[in-house]
1. Name every cysteine in the chain that ends up alone, with no second cysteine's Cβ under 4.7 Å, or say none.
2. What ranking do 18-31, 39-52 get when scored by the average of other Cβ atoms within 10 Å per residue, highest first?
3. Short version: what are the Cα gyration tensor semi-axes of the chain, square root of 5 times each eigenvalue, largest first, in whole Å?
4. Determine, from the Cβ-Cβ distance of VAL5 and GLU38 and an R0 of 25 Å, the FRET efficiency 1/(1 + (r/R0)^6), rounded to the nearest 0.05.
5. Suppose the chain between CYS49 and VAL18 were pulled fully straight at 0.36 nm per residue; how much longer would it get relative to their current alpha carbon spacing?
Amino acid sequence: MSRVVFLEERCKGCKLCVEVCPVGILRPSGRYNRQGYEVMEMAGVCTGCASCAIICPDVAIRVFKSGKHKGGAA
Ligand code: SF4
Ligand code: SF4
């Protein structure tokens, strides 16, 4: 399964990632970073499309795509 990791201290709580996710798995977490912005969380199966990372104006999202191993042991 792919997953996203939020660099929470960069987040400004704009929720653009929540709006853009085509499978609707991002949501406000109820937690706040040191700047006082509410940070997001992943709740569901991520496709690894990276739309959230691309749209985030603060470059606060890293996407780790599920392993598609080419050759060798998985
Ligand atoms: S798009 Fe980026 S800055 Fe905006 S809420 Fe999502 S992670 Fe935070
Ligand atoms: S990578 Fe795509 S599916 Fe995964 S959380 Fe981001 S927008 Fe949603």
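1. So, CYS11, CYS14, CYS21, CYS46, CYS49, CYS56.
2. 39-52, 18-31
3. So the three semi-axes of the chain are 25, 12, 11 Å.
4. 0.90
5. Extra length available between CYS49 and VAL18 comes to 9.8 nm.
Quick note: the coordinates plus some simple rules give every number you see, no bench work behind them. What you see is a predicted model, and the numbers here were worked out from it, not measured in a lab. For neighbour counting, all protein chains shown are included, and Cβ atoms are generated from backbone atoms with ideal geometry for every residue, glycine included.
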